[in-house]
Every structure is written in C-alpha cells, then in structure tokens.
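Working notes for the structure below.
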Amino acid sequence: MQGGIKINFISNLIIPLIVVITIFYGYRKKVEVYDSFIVGVKKSFGMIENLFPTLVAMIFAINVFTNSGILDLIFKVLSPVISVFKIPIEVLPIALIRPISSSASLAYLNNLFEKFGPDSFLGLLGSVMQGCTDTTFYVISLYFGCVGIKKIRYSLFAGLMADLIGMVASILVIKAIFAS
Amino acid sequence: MVNIIWLSMILIGVIYGLFTGNIETINNTIIDSTKVSLDLFMKIFPVVAIWMGIMEIAEESKLLQKLSNSLSPLLTKLFPEIPKGHESLSYIASNVIANMFGLGSAATPFGLKAMDSLQKLNKKKDTASRSMITFLVLNTSGVTIVPTTIISLRLMYGSLEPTKIVGACIISTICSTIGGLIVDRLLARRYKN
C-alpha cells in the first residue's frame, strides 16, 4: 500500500509543478504571463473546432460495432486458434478491444481482477497489455480529425502492428517473470 | 480506407444485432452516440483549453524550445523531414514526455498542437505526411512509464504489489515502440512514390 500511495502523491504533484514552473519561468523571462495565457486559451477554440464531428463519427461506428455483441462471436471463433499458440484465452478480449476502446478493455481488465485477482498471472498480464498500448483508432481519428486529414495511408496498419508487438512482448515478459 | 472501415463497422454491427435479436440495443446505441461523443468532447475541451494557455507561456518564454533541444538528436533521426528547430519538434517532445509519465490529459493538447504544426509543413493537406504517421505510431505504441490508471485499479482490487507491473510495462512498451517505428520506416519507404 505504501508504495502505491507514494506513487499517487508523486503523480498528483507533477501537474501542479509543471504549471508553477512554466508560469514562473515565463515571468522571469519577462513574458506577460496573464495575457499570454489568454491568447493560448483563445487558440484552443480554433483547434478543437474539427474535433466534435470526428468524435461523433468514430464513437457512432465503434459503439454500434461493440454493442452488437459480435465481439463474443469473434472470441469464440478465435479461441481455438489462440490456444494453439499457448496464449491464455482470458486476455484475448483485452488484446482485441484495446486498440478500439480503452474503456471497454478496462472493463474486461476489471473482470479479470475480480475473477483471478490482480496479482495472478492473468491479472498481471492483463495489466501490462492494457498499459503498454494505446487506443489506436481513437488516437488516429482524434489527431487526424483535428487537422482535417482524410487520407490516412498506412498509419492504421502501422499503429495496429505496434499494438500487436506490444501484446506479444507483454506475454513473453510476464511469462518470464512468472517462470523465475 | 477510412470510408470502408467506418461503413463496415456500422454494417456488421447492425446486421449482427438484427440476427441475434439485439436490435433494441443497436437502436439505443445509435441515438445515444452523439451524447456520448459530446460527453467525451466536454471532457477533452476544458483540458485542452487550460493547457493551451500554459503552453503559450512556455512557448513565449522559449521553455518549449529548450525542452526539445535536449531531445533533438533523437527527434531529428525519427523525423528527418522536419527542419531543425521547427516548433513541431518541441510539441512532439512535450507530448512524448507527458505520455511517459502517464499524464494523458496533458499529452493530448501537446499532441494536437504537434499535429497542427506538422500540418503547416504538409504539402498535401488532406493526406497524412510521413512525419505525422511516425508521430502517431510513437503515440499509439503507448510510451508509458507510469500507467497511473492501471496502478490505481490494481490498488482498488487489493493488489499487494500494485506497481509490480511497471518494469514489465516499460519493457513491453519499448518493444512496441521500437517495433512500431521499424514497421513505420519500412512502410514509409514502400509508400514513397
């Protein structure tokens, strides 16, 4: 517990520290910090303008897809294939959904913790899988949407490959930790 | 590409829902999705607004420039197309650093700013540039050192060692980041023409 509390304290400290240092540094460098702050906030309106339509489009498609229940079918079809590779089936939902929806895969991680405990092999593996990757679909639509990029070229493939490599690596690392 | 992915996700969802008697859920989901998006938007926007203010100060005081200078040997290798000392490099550096410490809320505004300045360098405004894709891969491979959400979730479920995963996370993240960057390089070469 002690370690966890310490980490929480430190991570709560980081943002206030960054804010104070930035403003104070600006003041020392004779920046008119108040006016400059206002200018920055004003700019955020322009930048965020394109964001809402992109979010609606993405969330609409992702939610229809995930809420239809088709993921359960995909898990059923894939699990015999996966078990050939000696990959624990229980973490498959996390690996598959993580690039699409962070909250959905976090829900699966919750289930794993409840069933097997956070310090079990599956609990650790799920934690690392969730931690070492990001929501590729979301990041791509967010970042490209805000500057109006329509042709995303090979970015989705490259992002998903990075996720896949992370998933495989986390299985190997956790297996190695548990074996030792 | 986006068109096909978008269309097929919706089509598959609706058709599967229809056949499994899940159509009521689909119906609610469709109507609900704008509200969910608005909630998410309202979550992102205030954070972006405050960080844009702070960032403006950091930019004017040349603090951002300093930060990116310290990372610039690495960044110029990853982003050969960005001219030296360009503002986008400092945003990319800030985004990566914020991500490393699990400060997702601060990382997003930096990332949006980085994208914005990369777009200024982009010749075809509707097409993703090579630097943009490299930046995205860097982002999606999740350069996290302290995954704060997961640690607190583990704590909630009574984990005896909530931070036990940090080492494993770092190793896996390094693997996915390096692997992703290699894939990105190979694809960039193939798509060059």
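For the reader, a short list of remarks on this structure follows.
Rundown of residues vs (1) more than 10 Å from every other protein chain (Cβ to nearest Cβ); (2) in contact with a helix residue (DSSP H, G or I) (Cβ under 9 Å, 6 or more places away or on another chain); (3) on the phi > 0 side of the Ramachandran plot, yes/no style:
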{"site": "B:7", "(1), (2), (3)": "no, yes, no"}
{"site": "B:21", "(1), (2), (3)": "no, no, yes"}
{"site": "B:54", "(1), (2), (3)": "no, yes, no"}
{"site": "B:57", "(1), (2), (3)": "no, yes, no"}
{"site": "B:78", "(1), (2), (3)": "yes, yes, no"}
{"site": "B:92", "(1), (2), (3)": "yes, yes, no"}
{"site": "B:96", "(1), (2), (3)": "yes, yes, no"}
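- Residues in region B:117-150 that are touching a Ser or Thr at 6+ places or on another chain (Cβ under 6 Å), of a type in the set (A, V, I, L, M) and facing chain A (nearest Cβ under 7 Å): B:128, B:133, B:136, B:150.
- Checking B:43, B:35, B:62, B:84 one by one, the residue that is on the phi > 0 side of the Ramachandran plot, among the basic types (Lys, Arg) and either surrounded by fewer than 21 Cβ atoms within 10 Å (Cβ to Cβ) or at pLDDT below 90 (or both) is B:62 and no other.
The rows are residues; the columns are (1) in the same structural domain as residue B:86 (by TED's automatic domain parsing); (2) within 27 Å of residue A:145 (Cα to Cα); (3) in contact with a Pro (Cβ under 6 Å, 6 or more places away or on another chain).
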{"site": "B:8", "(1), (2), (3)": "no, yes, no"}
{"site": "B:14", "(1), (2), (3)": "no, yes, no"}
{"site": "B:22", "(1), (2), (3)": "no, no, no"}
{"site": "B:27", "(1), (2), (3)": "no, yes, no"}
{"site": "B:36", "(1), (2), (3)": "no, yes, no"}
{"site": "B:51", "(1), (2), (3)": "no, yes, yes"}
{"site": "B:54", "(1), (2), (3)": "no, yes, no"}
{"site": "B:70", "(1), (2), (3)": "yes, no, no"}
{"site": "B:73", "(1), (2), (3)": "yes, no, no"}
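- None of B:149, B:177, B:173, B:144 is part of a helix (DSSP H, G or I), polar (S, T, N, Q) and modelled with pLDDT under 85 except B:149.
- Residue A:151 being within 8 Å of chain B (Cβ to nearest Cβ), charged (D, E, K, R) and either out of contact with any helix residue (DSSP H, G or I) (no Cβ under 6 Å at 6 or more places or on another chain) or on the phi > 0 side of the Ramachandran plot (or both): yes
- Looking only at region A:157-180, residues that are buried (at least 23 other Cβ atoms within 10 Å of the Cβ), touching a residue at least 60 places away in the same chain (Cβ under 8 Å) and farther than 19 Å from residue A:102 by Cβ come to 0 in all.
- Among residues of region B:152-176 that are under 22 Å from residue A:168 (Cβ atoms), those with a Cβ under 8 angstrom from a residue that is acidic (Asp, Glu) and in a helix (DSSP H, G or I), sequence gap 6+ or separate chain, pair up as B:176/A:163.
- Filter pass, residue A:140 being hydrophobic (A, V, I, L, M, F, W, C) and in contact with a strand residue (DSSP E or B) (Cβ under 8 Å, 6 or more places away or on another chain): no
- The set of residues from region A:39-56 being assigned to a helix (DSSP H, G or I) and more than 7 Å from every other protein chain (Cβ to nearest Cβ) comprises A:42, A:45, A:46, A:53, A:54.
The values are calculated or read from the model by the stated rules, or taken from the named source; none is laboratory data. Note that this is a predicted model, so its numbers are computed, not measured. Because the Cβ atoms are built from the backbone with ideal geometry, glycine has one as well, and the counts that use them run over all protein chains shown.
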